2 protein chains.
Amino acid sequence: MADINQAKKYVNMTDLNPPLARGKAADAKHGDGSRAAKGGALPEAKLQEFAELLFFAYRDFTGDPDAILADFGFGRAHHRVLHFVNRHSGLRVADLLEILNITKQSLGRVLKQLIDQGYIMQQAGAADRRERLLFPTERGRALAERLAAPQIVRLAAALEAAGPAPRRRCAFFSKP
Amino acid sequence: MADINQAKKYVNMTDLNPPLARGKAADAKHGDGSRAAKGGALPEAKLQEFAELLFFAYRDFTGDPDAILADFGFGRAHHRVLHFVNRHSGLRVADLLEILNITKQSLGRVLKQLIDQGYIMQQAGAADRRERLLFPTERGRALAERLAAPQIVRLAAALEAAGPAPRRRCAFFSKP
DNA sequence: TGGTTTATGTCAGCCATGTTGACTTAATTT
DNA sequence: AAATTAAGTCAACATGGCTGACATAAACCA
């Protein structure tokens, strides 16, 4: 696909067209730019580049499954629901709402389709029978795995190319 | 915000509720699961966890600017456009279309607003006067930096927590 | 020169997926 | 028995993708 090369092209543009040539004067004015660099971390330009890479990564990462989903009449929202039900089998609807950070109504729309079409099953909670625990059906599990496959391949390739990793933890969730 | 802790909770659930306990039988059936692991890479379970982390990362990464954008009556689409115009000042409309992977009409809607409200300027190309080169205005640059700030902080925190990095290249764009 | 292609802009409408607000039902808690 | 909670649903609306059609100006080409 051409878009991947386009991404490369523009990521490379970063070097050809260094953003801090313009940015430096402004950083002096606003002054909060270098705050992040305290402790000898990466310069702001590199962090900006990283942000850009994250955009491209996510765009491409979701691109493969999106194409598969289209054949099923589903969208990315269905993927997210199916993924978490598959990976955290038996979770409650309320759990899913918190994970996805969307409203009950938004979730309801896609969840109903997945249930009606036999990808997800519900089961009343044993302790609290108000709760609807969600489980993937065999069909649901199969689709979830099919959607995950290209992403797994992409990640494996990326991590392999990144070289042997030291043991590291992800700090994305530490509040800035 | 509570959602960040929720994310942690569910990422941790991965360990409490190992997905391969159920997944293993299926992997034997489908057989393509371990393909990614050739070459001594991470096991599929870890890659799945990584995929999940990428979802949470992107969700939280875009959350901060989204809140700021709402005050301006803008959305995430405006952010993306403004970001790339700011970082790659002088790019053509066609370039932006390829970067963002959206249609001319979708871009047009948000670009028009950004131009009308004085965040982006256009200038006919010197060599080819059909081209409209895009530049941020001072106002546009200021907003772009304000939107980038929380993301920079997040990234700096994440990378710092990840520890001193060996020189590594991002292989997200290498086709699987 | 005149016809074709290219870069951009625009109108109109559709679809997916997010939002609020109001309300129901069933089950649990007080 | 009353209040709270988990879930489901209806209606209306906003954002930001999409397609298709078409207009304009500039560049290119024969």
Legend entry - Inter-centroid distance (Cα atoms) of segment A:94-127 relative to segment B:64-88, Å: 31
Inset, instruction - Report, for B:Leu53, each distance to the same residue's label point in the other copies, shortest first and in nm; define the point 7 Å along Cα→Cβ. - result: 1.5
Legend entry - Copies compared at A:Gln123 - label distances in nm, ascending, label defined 7 Å from Cα in the Cβ direction: 6.5
Inset, instruction - In nm, give the distance between the simple-model label positions of B:Val93 and B:Ala70, each being 7 Å from the Cα along the Cα-to-Cβ direction. - result: 3.2
Inset, instruction - Taking amide H positions as placed in the peptide plane 1.01 Å from N, state which residues far from B:Thr137 in sequence (5 or more) or on other chains have amide H under 5 Å from it. - result: B:Ile120, B:Met121
Inset, instruction - Count the net charge of all other residues whose Cβ sits under 12 Å from the Cβ of B:Ser106, scoring Lys and Arg as +1 and Asp and Glu as -1. - result: +4
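Among B:Thr137, A:Thr103, which comes first, second and so on when ranked by fewest other beta-carbon atoms within 10 Å?
Ordered from fewest to most neighbouring Cβ atoms within 10 Å, B:Thr137, A:Thr103 come out as A:Thr103, B:Thr137.
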Inset, instruction - Find every distance from the label point of A:Arg92 to the corresponding label point in the other copies (7 Å from Cα along Cα→Cβ) and write them in nm, one decimal, shortest first. - result: 5.7
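Using the count of nearby Cβ atoms within 10 Å as a rough guide to exposure, how do A:Phe50, B:Phe135 rank from fewest to most?
So the ranking, lowest neighbour count to highest, is B:Phe135, A:Phe50.
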Legend entry - From phi via Karplus (6.51, -1.76, 1.60), per-residue ³J(HN,Hα) for segment A:66-78 in Hz, x at Gly/Pro: 4, 5, 5, 4, 4, 5, 9, x, 10, x, 5, 5, 4
Inset, instruction - Starting with the fewest neighbours, write out B:Lys104, B:Lys46 ranked by other beta-carbon atoms found within 10 Å of each beta-carbon. - result: B:Lys104, B:Lys46
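Rule-based calculations on the coordinates, nothing more; no lab input. Since the model is a prediction, treat every value here as computed from it, not as a measurement. So basically every Cβ, Gly included, is an ideal-geometry build from the backbone, and we count neighbours across all protein chains shown.
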